[in-house]
């Protein structure tokens, strides 16, 4: 089993959502994936330990995307075993943070992968100058953090408004997904700072990603920039 770029994207989306209730239909729609791609991505994340299975999935109201039929299919097709094996009262006490969601983030494992492994699994590829959606330190979340005049990085996109050095996004749907969710946008831009940023930008991204993905972990020390 090998992780794909959309798997990491799905995991970051779940971080961005926090304890919000969600369905696979909504997950797929907001990330620009098909329903089958979303299901497969979650399955691989479970196998790799980046996500954890909730022991019981409670009924969710239709969210306007997939409807009751989609929810019924998801519960029967994926969670049949766990629903039969675990009593509702036991699951509710163990998974109080997100009892209605099928899976939850394994924060420690995901933070470790995001900070130390993902940039090697999904390396940053620089592209020619292009108009696109700002990323890395050029993203709106970091306005005022870095001195003006820094080279802009962008995901090439026809609806972009900034010209800069192109960066191949983690997944082709990333520009679309980022524009749907400001918190996901911040996570993806931080990841790009790890992939293509200078030392100061990488140092900031390490500490901020750690805080967003695994807030309970000790804060990483700030290192002196080296280039």
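The values are calculated or read from the model by the stated rules, or taken from the named source; none is laboratory data. Quantities reported herein were computed from a predicted structural model and do not represent experimental measurements. Please note: Cβ atoms are built from the backbone with ideal geometry, for glycine as well, and neighbour counts cover all protein chains shown.
What is the residue count in the stretch 127-151 for residues that are outside any loop (DSSP other than H, G, I, E, B) and either at pLDDT below 95 or within 27 Å of residue 45 (Cβ to Cβ) (or both)?
The number of residues fulfilling the criteria is 8.
Within the group 133, 167, 196, 154, which residue is touching a helix residue (DSSP H, G or I) at 6+ places or on another chain (Cβ under 9 Å), in contact (Cβ under 8 Å) with a residue 60 or more places away in the chain and crowded, with 20+ Cβ neighbours inside 10 Å?
Selected residue: 196, the only one of 133, 167, 196, 154 that is touching a helix residue (DSSP H, G or I) at 6+ places or on another chain (Cβ under 9 Å), in contact (Cβ under 8 Å) with a residue 60 or more places away in the chain and crowded, with 20+ Cβ neighbours inside 10 Å.
If you go through the stretch 91-103 one residue at a time, do you hit one that is at pLDDT 95 or above and either at positive phi or touching a strand residue (DSSP E or B) at 6+ places or on another chain (Cβ under 9 Å) (or both)?
Within the stretch 91-103 (the criterion being at pLDDT 95 or above and either at positive phi or touching a strand residue (DSSP E or B) at 6+ places or on another chain (Cβ under 9 Å) (or both)), the answer is yes, since at least one residue qualifies.
Enumerate the pairs (first residue in the stretch 29-56 and assigned by TED's automatic domain parsing to the domain that holds residue 101 and under 17 Å from residue 172 (Cα atoms); second residue anywhere and at pLDDT below 95 and in a loop (DSSP other than H, G, I, E, B)) with beta-carbon separation below 6 Å, excluding pairs fewer than 6 apart on the same chain, so at least 6 apart or on different chains.
29/65
Being touching a residue at least 40 places away in the same chain (Cβ under 8 Å) and surrounded by fewer than 19 Cβ atoms within 10 Å (Cβ to Cβ) is the filter; apply it to the stretch 107-118 and report the residue that is nearest to the chain's Cα centre (by Cα).
The selected residue is 107.
Residues that are touching a helix residue (DSSP H, G or I) at 6+ places or on another chain (Cβ under 8 Å), modelled with pLDDT under 95, buried (at least 19 other Cβ atoms within 10 Å of the Cβ) and not in a helix (DSSP H, G or I): does the stretch 62-76 have at least one?
Yes, there is a match, as at least one residue in the stretch 62-76 is touching a helix residue (DSSP H, G or I) at 6+ places or on another chain (Cβ under 8 Å), modelled with pLDDT under 95, buried (at least 19 other Cβ atoms within 10 Å of the Cβ) and not in a helix (DSSP H, G or I).
Quick check, is residue 124 in contact (Cβ under 8 Å) with a residue 40 or more places away in the chain and assigned to a strand (DSSP E or B)?
Considered against the rule, which asks whether it is in contact (Cβ under 8 Å) with a residue 40 or more places away in the chain and assigned to a strand (DSSP E or B), residue 124 comes out as no.
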